[in-house]
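Report on the structure given below.
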Amino acid sequence: MKTLLDRIIEQNQKIAITETKNDAPKNPILSIIIPTYNHEGTIIQCLTSVLKQETSFSFEILLMEDDSDDDTRKICKQFAKNNPDKIRLFLNHRENNMRIWGQPTGMFNGLKAIQTARGKYMTVLEGDDYYSGLDKLEKQVSLLEQTNADCCHTLWHNLEGNIMVPQPNGIAPDSSYFYLKPNKYRYFHTSTRIINTNVVKEIIEHFGYHAIRDSAVQMILHSRYTVVVLCKHLSVYRKTGVGIHTSLSHRKRARQEVKLSQLLQKWLPEKMHSFTRRKWDWFARAYLPTVAQGRPRKWLGSLFTRIEMFFARSR
């Protein structure tokens with residue numbers, strides 16, 4: 001019986017994706033998914049940081065090249081040729097691109113990688129980010145095996161120009177770990193996350209493909225699954241401002257976040273208040289910018305939330 005993931009791939013794949021010949025492991029513990037598009041200036045550092053990982057287990061690299069306009073595909077082919085025991089290179093076509101709310105995305109590339117992944121666990125590293133610790137994967141997989149958790153995050157750095165900014169605030173990097181409290185959402189960058197592959201597929205089957213958008217999947221994970229955090233900085237998020245989401249105007253980005261919050265309200269009704277507040281906060285940022293800054297914005301968001309929740313309880 002076909003899964004929802006299989007049906008989504010079939011519906012959106014206009015041209016078959018080519019997987020280059022390789023000798024990657026058939027039963028790896030970890031699948032590292034690297035989506036890349038127009039990353040000629042950063043993909044070498046990204047791939048090198050993965051290939052240098054010191055692990056006691058086997059892993060595969062799913063290098064998902066999304067038909068770049070620059071030399072990214074040429075670089076990826078060379079890396080795949082030099083590392084056939086690790087890299088599975090997939091050459092996508094722009095005709096397969098999935099648009100969400102009118103915006104072109106890398107969604108098809110990501111879904112195809114999830115469908116194809118062989119590992120017990122999976123992680124996503126964008127082609128312009130990289131690992132800063134040689135033992136990142138070893139430490140996280142070891143902790144997942146030790147705790148039997150569904151997901152493991154680490155701390156990370158934002159690279160803003162030439163400045164490294166430790167993230168997130170308020171967590172000391174001391175190599176200890178802790179469990180996230182159920183229903184307690186906190187943002188962690190994509191590069192920090194290793195997750196059980198079956199959990200990812202379960203989320204897609206239950207909630208649909210919108211649920212693997214970064215903020216959505218985190219909220220679902222933090223609400224329904226066991227999540228552990230390793231308190232060590234082990235990856236770097238390069239803030240360029242040219243990503244699919246970050247390059248949008250503030251108003252377009254807010255519209256998407258409002259729509260996503262509406263979906264989350266349906267998916268996680270036990271957290272309806274939180275997502276209602278999130279929706280109205282984004283609305284105030286986008287449509288009331290001159291009167292809704294700082295505390296006024298929070299006050300307006302709180303007011304709108306109370307009004308909506310009142311009518312929700314009245315129905």
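Taken together, the values in this text are just the output of simple stated rules run on the coordinates, not laboratory data. Nothing here was measured: the structure is a model prediction, and the numbers come from that model. Heads up, the Cβs are rebuilt from the backbone with ideal geometry, glycines too, and the neighbour counts pull from every protein chain shown.
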inquiry  = Please list, ordered by chain and number, the residues whose modelled amide H lies under 5 Å from the amide H of Y237; skip anything fewer than 5 residues away on the same chain.
reply    = H157, N158, L159
inquiry  = Quick check: pseudo-label points 7 Å beyond the Cα along Cα→Cβ at K252 and T18, how many nm apart are they?
reply    = 3.1
query = Short version: ³J(HN,Hα) in whole Hz for each residue of region 131-139, in order, from phi by Karplus 6.51 cos²θ - 1.76 cosθ + 1.60 (θ = phi - 60°), x for Gly and Pro, what are they?
reply = 8, 9, x, 5, 10, 4, 5, 4, 5
ask   = How far apart, in nm, are the 7 Å Cα→Cβ label points at T105 and D135?
value = 3.8
query = Lys/Arg Cβ at +1, Asp/Glu Cβ at -1, dipole of region 4-238 taken about the Cα centre: which of I17, I29, G102 is farthest positive-ward?
reply = I29
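Report the chymotrypsin sites (Phe, Trp or Tyr not before Pro) located in region 77-175 that are in a DSSP loop and have at most 14 other Cβ atoms inside 10 Å of their Cβ, or state none. Please report the intermediate quantities before stating the final value.
On the way: sites: F79, F90, W101, F108, Y121, Y130, Y131, W156; in loops: W101.
Taking region 77-175 and a limit of 14 other Cβ atoms within 10 Å, the loop chymotrypsin sites (Phe, Trp or Tyr not before Pro) found are W101.
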ask   = So, by mean Cβ neighbours within 10 angstrom, what's the order for 27-37, 171-181 with the highest one leading?
value = 27-37, 171-181
query = Roughly how many nanometres apart are two label points built 7 Å out from the Cα toward the Cβ at S175 and T3?
reply = 3.6
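With a Förster radius of 41 Å, plug the Cβ-Cβ distance of Q146 and K77 into 1/(1 + (r/R0)^6) and report the FRET value to the nearest 0.05.
Values: r = 38 Å, r/R0 = 0.93.
So the FRET efficiency works out to roughly 0.60.
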task = Return the percentage of antiparallel bridges among DSSP beta bridges fully within region 4-238, rounded to the nearest 5 %.
result = 45
request  = For T55 and E205, compute 0.36 nm times the residue count separating them, minus their Cα-Cα distance, and round to one decimal in nm.
outcome  = 50.9 nm
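Dipole size in debye (nearest 20) for the chain around its Cα centre, Lys and Arg Cβ +1, Asp and Glu Cβ -1?
Numbers: 46 positive and 31 negative charges, 311 e Å.
Value, rounded to 20: 1500 debye.
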note = For the chain, whose charge dipole is built from +1 on Lys and Arg Cβ atoms and -1 on Asp and Glu Cβ atoms, the candidate among F178, A80, L264 with its Cα farthest towards the positive end is L264
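Which of rounded, prolate or oblate describes region 87-146 when judged by the alpha-carbon gyration tensor and an a/c cut-off of 1.5?
Numbers: a/c = 2.36, a/b = 2.06, b/c = 1.15.
Prolate is the answer for region 87-146, as a/c is 1.5 or above and a/b outweighs b/c.
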